[in-house]
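The values are calculated or read from the model by the stated rules, or taken from the named source; none is laboratory data. What you see is a predicted model, and the numbers here were worked out from it, not measured in a lab. We place every Cβ from the backbone using ideal geometry, glycine too, and count neighbours over all the protein chains shown.
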Amino acid sequence: MKREEEIEFNNVLNKGQIFITFPGMLVMFGLMGLSYYLYEIDFISKPILIIGIVISFISGWIIWSLFIAKWRIWAFEKIDEKFHRQLKKEAIKAKLIWSDGHIFEKTEIRTEEQKAKINAINKRIDELNNTQ
């Protein structure tokens, strides 16, 4: 991998961390913190605190589910095709995406257009794997 390609590759992964992981965590921990604060000042009861914590996890997951398909398509379109397999491997390692067929991969919220693009990307990665 050339130096410019390596920089672009790392930028794509870093942007995934910033634009996918960070917003989900911010929402999750923000709602969790707000729930705990409201509980501490006796504004809500313990059962409501627990509901708030559950909602915080669900909200963070929904943020990830909505954003990840957009990032996945953008990232693979941005990187040269010969590095797609490596990008997928590194994105899984960085916990940005799940491996193919993983139950949590099925929680991604994708439009029909996004599904078609992601399927085409995965098919091309499989083709590249079979030729090597």
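Laid out as a table, the results:
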| quantity | calculated |
| --- | --- |
| Which numbered condition K95 misses (of (1) within 24 Å of P23 (Cα to Cα); (2) modelled with pLDDT of 95 or more; (3) among the charged types (D, E, K, R)) | (2) |
| Residues of region 1-20 classified as without any contact (Cβ under 8 Å) to a residue 24 or more places away in the chain and loosely packed, with under 13 Cβ neighbours inside 10 Å, total | 8 |
| Qualifying residue in region 73-96 (condition: surrounded by 13 or more Cβ atoms within 10 Å (Cβ to Cβ), of a type in the set (G, A, S), touching a Ser or Thr at 6+ places or on another chain (Cβ under 9 Å) and in a helix (DSSP H, G or I)) | no |
| Boolean, G52 is surrounded by 15 or more Cβ atoms within 10 Å (Cβ to Cβ), of a type in the set (G, A, S), without any contact (Cβ under 8 Å) to a residue 24 or more places away in the chain and more than 17 Å from I125 (Cβ to Cβ) | yes |
| Extreme residue, farthest from the chain's Cα centre (by Cα), among residues of region 116-132 that are modelled with pLDDT under 95 and charged (D, E, K, R) | E127 |
